[in-house]
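Written out below as structure tokens is the structure these notes cover.
We did not get these values from a lab; they are worked out from the coordinates using the rules stated. Quick caveat: nothing in here was measured; it's all calculated off a predicted structure. We place every Cβ from the backbone using ideal geometry, glycine too, and count neighbours over all the protein chains shown.
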Amino acid sequence: MASTRIRLGGIKILEGRSHLTSLCKGGEAALADICSRLAADRINLSLLTYISDAVDGSGASALSTDRADGFSAYFHLRAAQGCGSAVKLHPGVTVLSIFPHGQKACVIGEILGMLTNNGIQPYGIASSTSALSVLISSGDTPNGIDGLFGPFEFPTYRSPYDWHAAYREQEHVLKEIICSYEEQVIKVYNIVKDCGLDLWRLRLPRRSLGGLGAAFLAMDRNGIRLPFLVAQLDEEESTLFAACLPSEHRQKIRHTLAFQLPGIEPIHLDEVAMLSLHGPHFGDRYGIARALVSAMQSHEVAPLAISCTIASISAVVRADDVEKATAALGTSFQIPA
Amino acid sequence: MSDNKYVLIVDDDPDMVETVGMMLKNKGYEVGAAYDGIEGEEAIRQRRPDLVVLDVMMPRKDGYALCAQLKKDASTRDIPVILLTAVGEAVPTTTYSHADGMAMEADDYIPKPVDTQTLVTAMERLIS
């Protein structure tokens with residue numbers, strides 16, 4: 001437990017999710033096919049992550065839906081091009097989000113430490129412009145919520161009991177807040193571009209999650225911000241991480257990872273940029289991921305990683321592709337000038 | 001332009017708070033955040049804002065309830081409130097309406113998705 005707790009704004013919990021992972025040889029084409037099939041079936045994604053393997057062109061996708069849509073989503077993934085049998089369904093998953101992370105690496109560092117201390121294996125992690133979302137099993141949910149109150153404090157919830165008392169009473173209200181936007185072109189509030197980043201990919205065995213947490217804490221002490229992070233389980237139950245970190249701290253980051261994670265070889269890609277879109281109730285609507293992925297595909301921009309959670313979707317692209325990607329997004333989204 | 005006016009954003013969508021907050025900070029405003037009505041109420045008690053941007057559909061205490069409370073209390077009645085929400089034509093499944101918002105005596109009402117320039121114009125009119 002940290003000696004000084006980090007003050008955050010709040011917690012959001014989505015229980016009763018189904019989580020699916022797939023490793024597709026088809027890379028971004030397979031991802032586009034998956035997103036298109038799910039949107040056509042009006043299946044809303046409460047979370048989506050994608051990590052491309054720049055070497056062989058394959059891609060690892062993970063997504064969460066309402067539990068009732070889990071089997072439909074499973075069959076859509078099985079039918080998607082280049083995925084086949086490499087699809088796993090995990091019913092009974094909880095999405096636990098905290099905000100705002102303020103791009104502070106210590107927030108995910110503390111979360112990874114808390115999960116390790118509580119023996120919780122995350123199914124995945126996604127980031128939005130404000131929030132970090134962690135997927136854990138339903139069985140681990142009570143410990144996961146309680147665990148957050150170790151490293152973090154929240155202004156209106158002094159303890160997990162306060163949170164339970166306030167939140168459980170209001171679950172029916174939250175369920176009634178369902179939106180049904182049907183715009184011809186999806187409106188967004190803003191597009192945020194973050195350049196001057198490197199993309200770091202790591203494959204970690206479960207025992208190393210605490211080491212990565214320690215590495216993020218060390219990065220935070222060195223003033224290194226963390227604007228993008230996704231993680232998902234791979235076929236061998238290792239966790240695949242992709243993180244964007246500032247290029248100017250490349251050497252410091254390399255040394256920190258080598259010190260905290262001996263024997264792990266990170267794959268590192270220079271000169272990438274992150275594009276984030278935020279729109280009204282993006283978290284409650286189907287078709288947002290399809291719009292982004294299809295737009296990029298039609299403009300021949302290959303996303304290196306994608307994170308979709310809360311009300312944002314973020315894509316990491318090569319720096320050379322930023323203008324092309326922005327133009328592509330302008331064809332599928334109504335972006336303010 | 002803003003003379004460091006303090007604006008409190010109350011919205012249960014943290015990405016919305018981040019987006020609008022970033023935009024307002026770039027325009028020179030000091031920005032506070034709260035993520036539901038009760039937290040908003042507490043934040044107003046701790047530091048009186050020059051203006052409140054208030055979402056309607058929120059857990060624990062919705063924007064209408066908080067707005068009505070602010071306008072009923074003599075000590076907070078003159079804090080300008082802009083209600084900000086996805087209601088009416090945009091979201092047919094909700095029972096919230098524009099008329100409800102006006103009945104709460106909000107100083108302005110801006111439907112989502114928000115045009116950021118419209119929001120800033122409304123804010124500058126209300127706190128000038």
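With charges only on Cβ, +1 for K and R and -1 for D and E, what is the dipole size of region A:186-334 about its Cα centre, in debye, rounded to 20? Before the final figure, lay out the partial values.
Working: 15 positive and 16 negative charges, 73 e Å.
It comes to approximately 340 debye.
Report, in deg cm²/dmol and to the nearest 500, the calculated mean residue ellipticity at 222 nm for the protein assembly as shown, where each DSSP H run with n ≥ 4 adds -39500 (n - 2.57) and the sum is divided by the residue count.
-10000 deg cm²/dmol
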Quiz item: Taking every residue in B:6-15, how many Cβ atoms of other protein chains lie within 10 Å of its Cβ, on average?
Solution: 5
Quiz item: Going by a ≥ b ≥ c, the root eigenvalues of the Cα gyration tensor, does chain A fall in the rounded group (a/c under 1.5), the prolate group (a/b larger than b/c) or the oblate group?
Solution: rounded
Practice problem: Can you put A:Tyr157, A:Tyr50 in order of Cβ neighbours within 10 angstrom, beginning with the fewest? | Solution: A:Tyr157, A:Tyr50
Exercise. Treating only the Cβ atoms of Lys and Arg (+1) and Asp and Glu (-1) as charged, compute the dipole magnitude of the protein assembly as shown about its Cα centre; round to the nearest 20 debye.
Key: 760 debye
Quiz item: What is the set of long-range amide H partners of A:Gly26 at a cut-off below 5 Å, with H atoms built 1.01 Å from backbone N?
Solution: A:Gly59
Quiz item: For A:189-202, what's the mean count of beta carbons from other chains sitting within 10 Å of each residue's beta carbon?
Solution: 2
Quiz item: Once the dipole of the protein assembly as shown is set up with Lys and Arg at +1 and Asp and Glu at -1 on Cβ about the Cα centre, which of A:Ser133, A:Gln297, B:Val7 lies farthest towards its positive end?
Solution: A:Ser133
Practice problem: Could you sort out which of A:Lys12/B:Lys5; A:Lys252/A:Lys324; A:Lys193/B:Lys25; B:Lys5/B:Lys27 sit more than 20 Å apart by Cα distance in this structure? | Solution: A:Lys12/B:Lys5; A:Lys252/A:Lys324
Quiz prompt | For region A:186-334, share of DSSP beta bridges that run antiparallel, in % to the nearest 5 | solution = 95 percent
Quiz item: Tally Lys/Arg at +1 and Asp/Glu at -1 over every other residue whose Cβ is under 11 Å from the Cβ of A:His299; what's the total?
Solution: -2
Quiz prompt | 3J(HN,Hα) from dihedral phi, region A:236-242, Karplus parametrisation 6.51/-1.76/1.60, rounded to Hz, x for glycine, proline | solution = 9, 6, 7, 10, 9, 10, 9
Quiz item: All other residues with a Cβ under 14 Å from the Cβ of A:Gly59 taken together, and with Lys, Arg as +1 and Asp, Glu as -1, what is their net charge?
Solution: -4
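Of A:Ser138, A:Ser127, how do they rank once you tally other Cβ atoms within 10 Å and put the fewest first?
A:Ser138, A:Ser127
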Quiz item: Could you give the dipole magnitude of region A:16-164 about its Cα centre, charging the beta-carbon of Lys and Arg +1 and that of Asp and Glu -1, in debye to the nearest 20?
Solution: 220 debye
